[in-house]
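> The structure that follows is given in the form of C-alpha cells.
The values are calculated or read from the model by the stated rules, or taken from the named source; none is laboratory data. Note that the structure is predicted; figures quoted are calculated from it, not measured. No Cβ is skipped: glycine too gets one built from the backbone with ideal geometry, and neighbour counts run over all protein chains shown. The area values use the complete protein model at the heavy-atom level, side chains included, leaving out ligands, DNA and RNA. Shrake-Rupley method; radii C 1.70, N 1.55, O 1.52, S 1.80 Å.
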Amino acid sequence: MINPSTGGDNPAVREGGGGVTGQGGTGGDDMATLAKGGRTNTLGFAIRLIARLPFLFIGYRLYGVDEMGRFASAFVIIEIIALVCALGEKRGLAQRLTVAGGGQGARESATSQETNLVFDGLLAALLVSVPVAAALWALPAIMFPNGMNSPLDIWMIAALPAYALTEILLAAQAYKYDIATTVRARAIVEPWAISIAAGAFLLVPEVGDAGLALAFIVSIYAGLATAAWSFARTYGGPKEWRPGPTCVLSLLWRALPLIGADVIERGTRLLDVIILGYFVGPTTVGTYFFAQQIASLPQKLKSSFEPILAPVITKNLKSGNMEAIAHQVRQVGFWIIALQLGIALMLAIPGEAVMGLGGPEVVGGTAALVFLLAAEVVASMAVVSEGVLVYIARKRNLAISIGVITMQAALTVALILLAQSLDLSEGFQAAGAALALFIALLASSVVKALVLKTLLKSSVSNWRWGLVYAAAPAVVVGFVFTRLPEWVELVIGAPAIIAVYLWVIWKRGFDEADKVLFRKNVAPVPLGDAERTL
C-alpha cells in the first residue's frame, strides 16, 4: 500500500516538505481559488448550453440524422486519439510546472523555465499527432465505419494536432488560474464556430455534404487560436529553449499513466458511440449522439473544476498536506454532484420534448438520454477521486480505469446483442449502450473513492441527504409539466424544475462552505467549516 504521506509514486510529493505552502496558500485560500475557478467555468456551462443547441438543430434538422451519425463516428475517434497525442499534459503539466517553479502565485510573471516546459509538451504532442494523423489518412475506415458524407470528410484528421495543442495550452493557462480562457475557447468560440460554419457551408453547393466535417475543423482551429493568444500574453515565447530527443522521450515515458487515465476517462463517454457504429446503422448512431451531446452538458460541469483542481492538488501534494486534499475532494465532489443532479433532472424529466428538438426521428433515444444523464451524476465521485489518484497512485488508478472500460465494452456489446436477439428496436439498443455506461461509471466511482479514502486516511464521500431533499420536489414539479404541451415543458417546465431544485439545495443542502461557490469577494472559508459529509 502506498503511503500518501511519503508521496507514494508521486515525484512532486517526494520533493516536498514543510507546512501548507504553494500557490493555494492555506486550505481556505485553496477552496476560495477552487470556487472562483469553478464559478467561472460554471458560467461557461450556461454559455455552452446556449451555443451547442444551434449546432444540434442545424445538424439534425438541415443535414439529417444519418449524416450526423456518420459524423459522430469520426468525431469520437478524433477526440480520443487527440487525447493520446496531448500526452496527459492536461494534468501532468501542472505537476511539472509545480516542481520546476516552486509554486509561484497566479499573478507572478511566467519564468522562462516554465515557458520552455510548456513548449516541450507542445513539441512532443506535435511529433506524435502528425504521424498518427497520417495513419488515419491511410486507414479511413477506422473513423468511418458507416461511410463518409463526402470525400472531404477525411480532412477531419487535420483537427487532430490542433485539438492536442489546445489541450496543453489550456492546461498551461489553468496553472496560472486562468479559467476564463478555457471558457472562451471551449464554451464560446468552438461551439459558436461550428454552428455558424455548419450553416454557412450549407450555402456552398460544392462542399455542402462535407459541411459538418469542415465546420468541425474550423471550430477546433478557432479554439486553438483563442488559447494561443492568451498563452502568448501570459507566457510569451521560449527563451534559450533547446529541445532534444532525450527530453521528448523522457516526457513521453512519464506521461504514459496520465495518457491512459485521460483517454480512458474520456473514452468511457465515447466508447459506446464507437461500438454502436460497428453494430447498428448511422440512424441509431445519430440518435444516440444527439442524446450524448445533451448529456454532455452536465458532464462539462466536472470540467468546471478540473483545470483549477490540478494545480491546487499538486501544491498540497508537494507540501504533504493530505487532509487539505481530502477536504478539497469532498467539497468539490459535492459541488459537482449537486449541480449535475439539478441539470440532469431538468433535462431528463421532459426528456421526450428535449429529444424532439432534433426531430421526430431521434425521440426514440429518450431512454438512452435518461441513462446517460444518470451516468454523469454517479460519475462525479470517480472524476474528483481520479484528479488525486493520477498523482499519488497513478498505476493503480490506471489499472482500475482499464478494468472499468473493459467492463463497459463487454456490457455494451452484450446488451446490444441481447436487444438484437429479442428483436427490439434500435432505440432499445441505444438504451442498452447507455445503461452499460451507467453501470461502469457507478463501479468506477465506488472503487476509486474507496482507494482514495485508504490512501488519504480520510473520508472523501460527496454524498449528502440534501441531494434527496432537493430532488424530490423538483421531480414532482417536473412530472406536473409533462402533462402539458411539449413547448410548455421546455419553455416553462425545465426552468421550473431547476429553480425548485436550486432553491431547496441552497436552503437544505448548502452550508457556508458550499455557498462560497456562488459568492464573489468573500474571505477564504476555514478548512472543514460546517462540512456535512457521510
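> Read phi for every residue in segment 500-507 and hand back ³J(HN,Hα) as whole Hz from Karplus 6.51 cos²θ - 1.76 cosθ + 1.60, θ = phi - 60°, with x for Gly and Pro.
5, 4, 5, 5, 6, 5, 5, 7
> From the protein chains alone at 1.4 Å, what is the descending order of accessible area for 507, 395, 453, largest first? The partial results should precede the final answer.
Numbers: 507 130, 395 150, 453 105 Å².
Per-residue accessible area, sorted high to low, gives 395, 507, 453.
> To continue, here is another question. Go through 397-408, 436-447 and give me the packing order, highest mean Cβ count within 10 Å leading.
Ranking the peptides 397-408, 436-447 by packing returns 436-447, 397-408.
> So, one more: Using the Karplus curve 6.51 cos²θ - 1.76 cosθ + 1.60 with θ = phi - 60°, what ³J(HN,Hα) values do you get for each residue of segment 53-66, in whole Hz, with x for Gly and Pro?
For segment 53-66, the Karplus curve yields 4, x, 5, 4, 5, 4, x, 7, 7, 9, 8, x, 5, 4 Hz.
> Right, something else. In nm, to one decimal, how far is the residue 200 label point from the residue 113 one, both placed 7 Å along Cα→Cβ?
It is 4.4 nm.
> Roughly how far apart, in whole Å, are the Cα centres of segment 422-437 and segment 212-264?
Value for the Cα centre distance between the two parts: 37 Å.
> How much accessible surface does residue 176 have with a 1.4 Å probe, in Å² rounded to 10?
20
> Ordered by packing density, taken as the mean number of other Cβ atoms within 10 Å over each peptide's residues, highest first, how do 457-469, 229-241, 114-126, 163-175 rank?
163-175, 114-126, 457-469, 229-241
> May I ask you to order 254-267, 281-294, 128-141 by the average number of other C-beta atoms within 10 Å around their residues, highest value first?
Result, highest mean Cβ count within 10 Å first: 281-294, 254-267, 128-141.
> Which FRET efficiency value, to the nearest 0.05, is calculated for residue 450 and residue 508 with the Förster distance at 30 angstrom and r the Cβ-Cβ distance?
It comes out at approximately 0.60.
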